[in-house]
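Here's the structure, in structure tokens; my notes come after.
The values are calculated or read from the model by the stated rules, or taken from the named source; none is laboratory data. As the structure is a prediction and not an experimental result, all values here were calculated from the model. Positions of Cβ are generated from backbone atoms using ideal geometry, with glycine treated the same way; all protein chains shown enter the neighbour counts.
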Amino acid sequence: MDALARREHSFFELRKKLKDKYPEAEESQIQFVLQRLRSQNLQSDARFTENFIRYRKSKGFGFYHIKNDLLGRGVGRDLIDDMLNIRDDDWIELATSLVNRRGALLGAFSFGSSEYHKLARLLKSRGFPSAVSSEILKAYIFEHGEKG
């Protein structure tokens, strides 16, 4: 309950925390406690996933980064697929915001320049789909002009 009072946790995360905190406990005891929390709606992977996606988007992370983080936290693929959509318009808005912030520091640049590749790597590391990255970078170059 203490862990859930601070933030939402996935079933997998809570199971790991309980095993770490109570190594002498039997798996059946841990499963009983976790199932009880679920039945009382105190633990919900759906609620955790929804909150996690919203939080990670607010921090500027893209589809693939968020998806991999959720998989690493033991959230099922079906639940992720239900709540996280690669075609969501948010990815374009988030990538545009990130490129505008970072691009302002770099100034005008051209396609294929080191600045272009730097921003492309940033978008990839943040988990944005390559199609979104290309579209955003082209728009940025068009809007801000190329350096010659």
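Looking only at segment 101-131, count how many residues are of a type outside the set (S, T, N, Q) and assigned to a helix (DSSP H, G or I).
Matching residues across segment 101-131 total 17.
Looking only at residues that are over 24 Å from Lys57 (Cα atoms) and among the hydroxyl-bearing types (Ser, Thr, Tyr) in segment 94-148, which one is surrounded by the most Cβ atoms within 10 Å (Cβ to Cβ)?
Ser113
Checking Ala95 against (1) in the same structural domain as Leu14 (by TED's automatic domain parsing); (2) over 24 Å from Leu4 (Cα atoms); (3) of a type in the set (A, V, I, L, M), only one condition comes out false. Which one?
(1)
When segment 85-100 is examined, which residues are found to be in a loop (DSSP other than H, G, I, E, B), out of contact with any helix residue (DSSP H, G or I) (no Cβ under 6 Å at 6 or more places or on another chain) and in contact (Cβ under 8 Å) with a residue 24 or more places away in the chain?
Within segment 85-100, Asp88 is the sole residue that qualifies.
Residue by residue through segment 28-74, note down the ones that are without any contact (Cβ under 8 Å) to a residue 24 or more places away in the chain, of a type in the set (Phe, Trp, Tyr) and over 18 Å from Arg6 (Cβ atoms).
Listed by number, the list holds a single entry, Phe32.
Do we have Gly74 as assigned by TED's automatic domain parsing to the domain that holds Phe52 and in a loop (DSSP other than H, G, I, E, B) here?
So Gly74 fits the description; yes.
Of all residues in segment 4-21, which are in a helix (DSSP H, G or I), closer than 13 Å to Asn51 by Cβ and either in contact with a helix residue (DSSP H, G or I) (Cβ under 6 Å, 6 or more places away or on another chain) or touching a residue at least 40 places away in the same chain (Cβ under 8 Å) (or both)?
Answer for segment 4-21, where residues must be in a helix (DSSP H, G or I), closer than 13 Å to Asn51 by Cβ and either in contact with a helix residue (DSSP H, G or I) (Cβ under 6 Å, 6 or more places away or on another chain) or touching a residue at least 40 places away in the same chain (Cβ under 8 Å) (or both): just Glu13.
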